[in-house]
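S.K.: Pasting in a structure now, in structure tokens, and then I'll have a few things to ask.
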Amino acid sequence: MAYNIIATSTVGGGGSTSITFNSIPNTYKDLAIFVSTRTDTVANSDGDYAILESFNSNTSNREQRFLYINRGTNSVLAGYTTSNVALGWSNASNHSSNAFCNGFIYVFNYASTTLQKSVQYDSVTANTTGSYYSSGGIASGMWKNTSAITSLTISTASAAKFIQYSTATLYGISEE
Amino acid sequence: MPETLTKIVVNCETGEQQILPLTAAEIAQREADAAAYAAEKAAADAAAEATAAAKASGLAKLIGLGLTQDEANALLK
């Protein structure tokens, strides 16, 4: 497999509620998105959330299952939600200064017009402040729609904003 | 004056990046999604706390019966 950069975006000084990639070419097998995020919100416990909000601006037929490991309490939380496609961690404003969370999202068969779309999301916060430490999580999501994906949006689950220097880079995965 | 919420839109064909204000519909969707997620997370957290409390109670009872902490922990894994 080869990772080919399609586009990248870095949030500017005013912050941003979301990052959308549109006009995605249909020439690859899969898509991958690397995100490095930090939000402007104080997280109540283990972190804030960077989510894969939607494909093609469609907010119907989304669902995901997730598993989170909270380093602060050494607890594991499993859950299900329909409010986004996939959910990963983001560092928050009360985490270590200048620390950003890294996440990796993989979208299978995005250009297919016959298959529903499945997603994996793997992320971990970077934090040494207070009792929050670093937390990790994995999620598997679905967009139960067979349309080819031509756009996707990354945002936050808490209605926060991504702060300056948060980044998202979209890759097309080819089989060569 | 309320803050104008913005979004970044990247055109993958041209590489152009725009910073655009959210529409009223987008703000409403964003608030609805955040509320839905908060409710789902609160329910999951409550369930996890209830499980943890039940485990702690069970652990204490096992120790009360004479098991060591390690023995009780092993039974509850």
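S.K.: With a Förster radius of 45 Å, plug the Cβ-Cβ distance of residue A:34 and residue B:74 into 1/(1 + (r/R0)^6) and report the FRET value to the nearest 0.05. Show your work: numbers first, answer last.
M.R.: Details: r = 41 Å, r/R0 = 0.91.
So the FRET efficiency works out to roughly 0.65.
S.K.: For a quick size check, give me the Cα extents of the stretch B:6-76 along its three principal axes, largest first, whole Å.
M.R.: Result, largest extent first: 70, 26, 13 Å.
S.K.: Quick check on my link table: of A:117/B:55; A:117/A:161; A:161/B:55; A:29/A:161; A:29/B:41, which ones sit more than 29 Å apart, alpha carbon to alpha carbon? Write out the running numbers ahead of the final one.
M.R.: Working: A:117/B:55 38 Å; A:117/A:161 27 Å; A:161/B:55 38 Å; A:29/A:161 31 Å; A:29/B:41 34 Å.
Correct reply: A:117/B:55; A:161/B:55; A:29/A:161; A:29/B:41.
S.K.: Would you mind giving the mean number of other chain beta-carbons within 10 Å of the Cβ of each residue in A:79-87, as a whole number?
M.R.: On the way: counts 7, 2, 7, 4, 10, 3, 0, 0, 2.
Across A:79-87, the average partner-chain Cβ count within 10 Å equals 4.
S.K.: Note the full-extension length gain between residue B:39 and residue B:60 as 0.36 nm times their separation in residues minus their Cα-Cα distance, in nm to one decimal. Provide the component values of the computation, followed by the final result.
M.R.: Numbers: separation 21, 0.36 × 21 = 7.56 nm, distance 3.16 nm.
Roughly 4.4 nm would be gained on extension.
S.K.: Oh, and also: How much FRET efficiency would the formula 1/(1 + (r/R0)^6) give for residue A:145 and residue A:96, where r is the Cβ-Cβ distance and R0 is 51 Å, rounded to 0.05?
M.R.: Values: r = 39 Å, r/R0 = 0.76.
For R0 = 51 Å, the calculated efficiency reads 0.85.
S.K.: Given labels modelled 7 Å from the Cα in the Cβ direction, how far is it in nm from residue B:23 to residue B:52?
M.R.: Going by the 7 Å Cα→Cβ label model, 4.2 nm.
S.K.: Right, next: So what is the calculated 222 nm ellipticity per residue for chain B, using -39500 (n - 2.57) for each DSSP H run with n of 4 or more, over all residues, to the nearest 500 deg cm²/dmol? Working shown, then result.
M.R.: Working: 2 runs with 49 residues, N = 77.
It comes out at -22500 deg cm²/dmol, rounded to the nearest 500.
S.K.: Would you mind putting B:26-37, B:53-64 in packing order, based on average other-beta-carbon counts within 10 Å, highest first?
M.R.: Numbers: B:26-37: 16.2, B:53-64: 12.0.
Sorting B:26-37, B:53-64 by mean packing, highest first, produces B:26-37, B:53-64.
S.K.: Need the C-alpha centroid separation for the stretch A:79-151 versus the stretch B:4-77, integer Å.
M.R.: First find each Cα centre; the distance between them is then 12 Å.
S.K.: So for the protein assembly as shown, considering every pair of alpha-carbon atoms, how many percent are separated by more than 30 Å?
M.R.: Details: 9634 of 31878 pairs.
Tail of the P(r) past 30 Å holds 30 percent of the pairs.
S.K.: Compare the Cα positions of B:18, B:69, B:6 along the charge dipole of chain B (+1 at Cβ of Lys, Arg; -1 at Cβ of Asp, Glu; about the Cα centre) and return the one farthest towards the positive end.
M.R.: The residue sitting most towards the positive pole is B:69.
S.K.: How well do other chains shield peptide A:146-157, expressed as the mean number of their Cβ atoms within 10 Å of each residue Cβ?
M.R.: 2
S.K.: Here is a further query. Using Cα pairs under 8 angstrom and six or more residues apart, how large is the relative contact order of chain A, in percent?
M.R.: Details: 545 pairs, mean separation 71.7, N = 176.
After rounding, I find 41 percent.
No lab work stands behind these numbers, since they all come straight from the coordinates. Quick caveat, the model's predicted, so the values are computed rather than measured. Virtual Cβ from ideal backbone geometry, glycine too; neighbours counted across all protein chains shown.
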